[in-house]
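Step one of this worksheet: look at the structure below.
Bear in mind these aren't lab numbers, they're just calculated from the coordinates by the rules spelled out. Since we're looking at a predicted model, the values are computed, not measured. FYI the Cβ positions are ideal-geometry reconstructions off the backbone, even for glycines, and counts take in every protein chain you see.
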Amino acid sequence: MGKTKIMLGNEAIARGAYEAGVKVSAAYPGTPSTEVSETIAKYDEVYAEWSPNEKVAAEVAIGASLSGVRAMVSMKHVGLNVASDPLYTCSYIGVNGGLVVIVADDPGIYSSQNEQDTRMIARAAMLPVLEPSDSEEARVFTKRAFELSEEYDTPVILRTTTRLSHSQGVVNLCDRENIPDKPYERNMQKNVMMPANAKSRHIFVEQRLKRMAEDASSFDINKTEYNDTSVGVITSGIAYQYVKEVMPSASVLKLGCVHPLPKKLICEFAEKVDKLYIIEELEPVIEEQVKSWGIEASGKDIFTVQGEYSANMIREKLLKEPVLYTADKDAPARPPILCPGCPHRSVYSVLKKLKIHAAGDIGCYTLGAVAPLNVVDTTVCMGASISTLHGMEKAKGKDYIKNWVATIGDSTFLHTGVNSLMNMVYNKATGTVIILDNSTTGMTGHQEHAATGRTLKNEETYAINLYELCKAMGIEHVYEADAFDIDELEKIIKRETQRDAVSVIITKAPCALLKTFVPKGKCHTIPDKCVKCGQCLVPGCPAITRNEDNTVTIDDTMCNGCGLCMKRCKFGAIGFVPNEK
Amino acid sequence: METKNIMIVGVGGQGTLLTSRVLGGIITKAGYDVKLSEVHGMAQRGGSVVTFVRYGDKVYEPIVEEGQADVLIAFEKLEARRYAHFLKKDGVLIVNDQEIAPMTVVTGSAKYPENILEDLKKDRKVVAIDAMAEARKLGNTKCFNVVILGVAAKSMDFTKEQWLEVISETVPAKTVGINQKAFIAGFEK
């Protein structure tokens with residue numbers, strides 16, 4: 001005891017799980033949840049894995065819990081949709097060893113496709129939700145979640161948000177608890193969810209939640225701070241910090257358990273304060289329940305359901321204090337872009353040239369939607385590129401999609417794309433699928449997956465061969481190509497998009513941000529030969545900028561030497577200096 | 001002690017996270033309460049990134065809000081301009097004199113603003129440095145971020161020795177020497 005460390009919210013969650021004696025952890029990477037798994041993997045006492053998707057990861061954790069050990073699964077909010085099938089039913093089964101589900105919401109949509117609120121799903125699945133408000137609480141609440149899981153025989157969701165997950169704060173470190181494994185006993189009525197058993201378990205689940213709601217009023221993680229009682233605020237998570245920043249003298253009911261709500265505690269608090277506010281990011285989950293009990297409160301009538309909250313927002317909306325600052329509205333925006341040397345840019349430059357539309361997917365390559373590439377037309381969710389292309393073909397016929405492809409990353413393909421490809425084969429589809437194989441899960445910060453040959457614990461393992469996998473599904477036309485060989489790629493894509501069959505093109509080149517990536521050299525301009533045609537600028541590499549006289553400059557600190565600009569230059573105005581070995 | 005607010009802004013991939021790690025280290029060592037907030041994920045891919053650092057006796061929110069930054073460290077000029085309104089009236093703006101064109105400028109849909117430094121200097125305390133040039137002199141352009149930190153450190157409450165110690169504990173062992181040199185180059189500028 002007595003040791004402290006500065007930690008990300010996600011690292012603190014992993015620390016809490018470690019201290020709680022967790023033995024098995026499974027996850028699929030997803031911002032802002034990824035660092036939970038990356039941190040827990042460093043503890044030798046914990047088995048930790050990347051699973052191909054969140055449903056599989058949840059089931060791994062469920063199995064571990066049933067066997068009698070403490071287990072956890074972590075995911076981002078949209079990952080919970082993928083995992084919801086096992087989780088809704090695991091709510092009925094309950095646990096043997098404690099089971100904690102870490103879910104990271106993304107208010108403000110920093111790195112996601114939507115802004116859904118996990119508490120809504122938790123209510124539907126009748127699962128309790130704890131919500132910490134800083135790194136130290138993230139550690140403590142995670143431990144508490146394991147205890148509550150075992151005490152109430154329920155999986156427990158620990159909800160975090162981007163701001164909490166990616167903020168660092170001071171954390172107290174404790175030793176790992178020695179939690180003995182629970183014995184496994186066959187219990188068909190509890191663990192086999194078929195109609196007769198599920199009916200009685202549903203009754204149990206309702207009673208469990210009711211009992212927990214009653215007990216929640218005395219949970220130590222639900223805290224009242226009475227000060228000036230003319231204003232009272234019910235809040236939770238990161239929003240608590242904004243309230244404390246702005247209204248240090250207000251009375252606050254800080255909820256650590258946001259589902260089920262501690263009704264008695266809330267009613268008492270509401271009684272004691274003159275004016276009640278409910279301050280929660282995203283949906284009015286607390287507010288609607290509190291109001292349904294006949295309590296008057298102000299919440300989403302003044303605060304938004306969108307984006308992140310802030311202290312200034314509370315100053316403005318609640319205290320009516322004008323916040324005086326002027327943002328520079330004229331500063332050109334700087335949206336995220338594909339990196340210099342990114343293989344996706346090369347593939348997209350070919351698609352752009354051929355005027356081909358891409359049904360897109362989730363990953364860095366979603367950025368192919370924006371200027372100057374403008375290739376990706378659709379993005380829904382993990383794996384959807386292949387199935388949406390299939391839907392278009394079935395709706396409009398095979399000729400309609402001759403200028404379409406599906407583009408999907410290697411990790412996303414293994415996540416859920418593989419099911420969609422199976423569906424194309426089964427239902428006699430035509431269409432071209434491009435697997436952008438950069439040998440990693442790129443966007444989330446380079447995690448291993450089933451085709452990289454390494455595990456989360458950095459052990460060597462069998463690398464699933466994407467080519468053979470596609471072949472094994474019965475697809476005759478599967479091709480591998482160097483992502484930077486644009487002439488060869490153009491030939492293959494032209495040919496395959498015209499084919500009346502399913503084709504898969506696997507474009508290969510490593511992500512330029514991988515630690516193992518070594519640039520082959522650097523590109524430079526040869527100004528005498530430049531005819532100012534601008535062809536090198538078309539793919540939108542951030543290392544190349546146009547000069548005032550329409551010649552270009554290549555930034556040698558940014559260039560990763562992919563050579564795409566050089567291949568596009570028909571005038572030999574871009575040279576290449578290979579790196580010394 | 002009243003809470004101190006520091007912001008680090010730049011372009012994803014410039015190495016702002018290392019700077020915030022060093023800052024976090026030195027503040028924790030000094031025994032303050034501290035919170036840092038970072039951007040991970042998609043925005044890191046060449047987008048506009050911002051890190052908040054707050055320290056004092058007790059820190060609540062992890063973000064610095066508009067009009068509250070004591071020190072704003074900008075790794076790039078346009079980003080300095082974008083976040084300048086976060087500075088307090090008497091706050092200090094440290095700017096790396098480097099231009100990285102955003103894609104909107106590369107594609108021609110926007111123009112990179114001119115005279116950014118001159119405009120910023122009109123009503124703020126601005127310290128500009130060409131950190132890339134300093135780093136080049138040291139023979140390693142990658143350490144330019146530590147040069148900037150060295151300049152910014154002059155506006156903070158810690159000694160040179162404290163900084164050098166934390167740098168040696170934070171960066172990979174092989175790069176301690178060059179990073180300490182880079183820090184001194186900025187600190188003694």
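Listing for the model above:
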read-out: Calculated from backbone phi, Karplus (6.51, -1.76, 1.60) coupling profile of the stretch A:341-354 in Hz, x at Gly/Pro; value: x, 6, x, 4, 4, 5, 5, 5, 5, 6, 4, 5, 4, 7
read-out: FRET efficiency, A:LYS3 to A:GLU151 (Cβ-Cβ, R0 22 Å, nearest 0.05); value: 0.20
read-out: Estimated distance in nm for a label pair at B:HIS85 and A:ASP181, the labels positioned 7 Å out from Cα along Cα-to-Cβ; value: 6.0 nm
read-out: Potential lengthening between A:GLU214 and A:LYS275 on full extension [0.36 nm per residue; Cα-Cα distance subtracted]; value: 19.5 nm
read-out: Percentage, to the nearest whole number, of Cα pairs in the stretch A:157-238 over 22 Å apart; value: 63 percent
read-out: Fewest-first ranking of A:CYS541, A:CYS267, A:CYS470, using other Cβ atoms within 10 Å as the exposure measure; value: A:CYS267, A:CYS470, A:CYS541
read-out: Shielding by partners - mean other protein chain Cβ count within 10 Å, residues of B:94-107; value: 5
read-out: Under-28-angstrom lysine pairs by C-alpha in the stretch A:279-410, whenever the two are 8 or more apart or on separate chains; value: 21
read-out: The stretch A:343-508 - Rg and Dmax from Cα coordinates, angstrom; value: 14.7, 47
read-out: Order by protection proxy (mean Cβ within 10 Å, highest first), peptides A:3-12, B:53-62, A:217-226; value: A:3-12, B:53-62, A:217-226
read-out: Mean ellipticity per residue at 222 nm, deg cm²/dmol - from DSSP H runs of n ≥ 4 across chain A, formula -39500 (n - 2.57); value: -10000 deg cm²/dmol
read-out: Sequence of A:LYS244, A:LYS457 once ranked by neighbouring C-beta atoms within 10 Å, starting from the fewest; value: A:LYS457, A:LYS244
read-out: Hits among aspartates and glutamates - C-alpha to C-alpha of B:LYS174 under 18 Å, sequence gap 8 or more where chains match; value: B:GLU165
read-out: Fraction of antiparallel bridges per DSSP, the protein assembly as shown only, in percent to nearest 5; value: 35 percent
read-out: Normalised contact order of chain A, rounded percent, pairs of Cα under 8 Å and 6 or more residues apart; value: 11 percent
read-out: Total charge dipole magnitude, the stretch B:113-165, about the Cα centre, Cβ charges on Lys, Arg, Asp, Glu only, Debye to nearest 20; value: 100 debye
read-out: Average other protein chain Cβ within 10 Å of Cβ, residues A:61-69; value: 0
read-out: Distance in nm between pseudo-label sites at A:GLU268 and A:ALA472 (7 Å out along the Cβ direction from Cα); value: 6.0 nm
read-out: Pairwise centroid distance, computed over Cα atoms, of the stretch A:319-354 with the stretch A:43-103, Å; value: 36 Å
read-out: Over 20 Å (Cα to Cα) - which of A:LYS457/B:LYS142; A:LYS515/B:LYS181; A:LYS532/A:LYS570 fall in this group; value: A:LYS457/B:LYS142; A:LYS515/B:LYS181
read-out: Calculated from backbone phi, Karplus (6.51, -1.76, 1.60) coupling profile of the stretch A:510-526 in Hz, x at Gly/Pro; value: x, 4, 6, 9, 4, 4, 7, 6, 10, x, 6, x, 9, 8, 8, 8, 10
read-out: Residue-count net charge about A:PRO340 - beta-carbon cut-off 14 Å; Lys, Arg +1, Asp, Glu -1; value: +2
read-out: Euclidean distance between Cα centres, the stretch B:129-189 to the stretch A:146-168, Å; value: 39 Å
read-out: Built amide H within the under 5 Å cut-off of A:GLY256, gap 5+; value: A:ASN222, A:LYS223
read-out: Ordering of A:45-51, B:108-114 by burial proxy (mean other Cβ atoms within 10 Å per residue, highest first); value: A:45-51, B:108-114
read-out: Footprinting exposure proxy for A:ARG119, A:ARG15, A:ARG201 (fewest neighbouring C-beta atoms within 10 Å first); value: A:ARG201, A:ARG119, A:ARG15
read-out: Among A:TYR92, A:LEU351, A:GLY9 the positive-end extreme of the charge dipole of chain A (Cβ point charges); value: A:LEU351
read-out: Surrounding net charge for A:HIS449, when Lys and Arg each add one and Asp and Glu each subtract one, Cβ distance under 12 Å; value: -3
read-out: Rel. contact order, % - alpha carbon contacts under 8 angstrom, at least six apart, the stretch A:343-508; value: 24 percent
read-out: Peptide A:163-176 - average C-beta neighbours from other chains (10 Å radius); value: 4
read-out: Cα pair distances in chain A, grouped into 10 Å bins until the bin that holds the longest one, percent each; value: 3, 16, 23, 23, 19, 12, 5, 1, 0
read-out: Cut-off under 5 Å, modelled amide H: who pairs with B:LEU87 long-range; value: B:GLY67, B:ALA69
read-out: Residue-wise HN-Hα coupling along the stretch A:16-21, computed from phi with Karplus coefficients 6.51, -1.76, 1.60 (Hz; x: Gly, Pro); value: x, 5, 4, 5, 6, x
read-out: R0 of 60 Å, Cβ-Cβ distance A:LYS398-A:THR553: FRET efficiency to nearest 0.05; value: 0.85
read-out: Chain lengthening between A:GLN207 and A:ILE464 when straightened (0.36 nm per residue, less Cα-Cα); value: 88.0 nm
read-out: Spin-label proximity, A:SER249 to the stretch A:275-294 - amide N less than 18 Å from point 7 Å beyond Cα toward beta carbon; value: A:275-277
read-out: Residues whose placed amide H lies under 5 Å from that of A:GLY431, excluding near-sequence neighbours; value: A:ALA501, A:VAL502, A:SER503
read-out: Inter-label distance, nm, simple model (7 Å from Cα along the C-beta direction), A:THR516/A:TYR226; value: 6.2 nm
read-out: Cα-based helix-to-principal-axis angle, A:263-272 vs chain A, degrees rounded to 10; value: 70 degrees
read-out: Calculated FRET value between A:LYS329 and B:GLU165, using beta carbons and R₀ = 51 Å, to 0.05; value: 0.75
read-out: Total lysine pairs under 20 Å (Cα atoms) in the stretch A:1-112, excluding pairs fewer than 8 apart on one chain; value: 5
read-out: Summed side-chain charge close to B:VAL53 - residues other than B:VAL53 whose Cβ falls under 9 Å, Lys, Arg +1, Asp, Glu -1; value: +3
read-out: C-alpha long axis of helix A:486-497 to longest principal axis of chain A, angle in °; value: 70 degrees
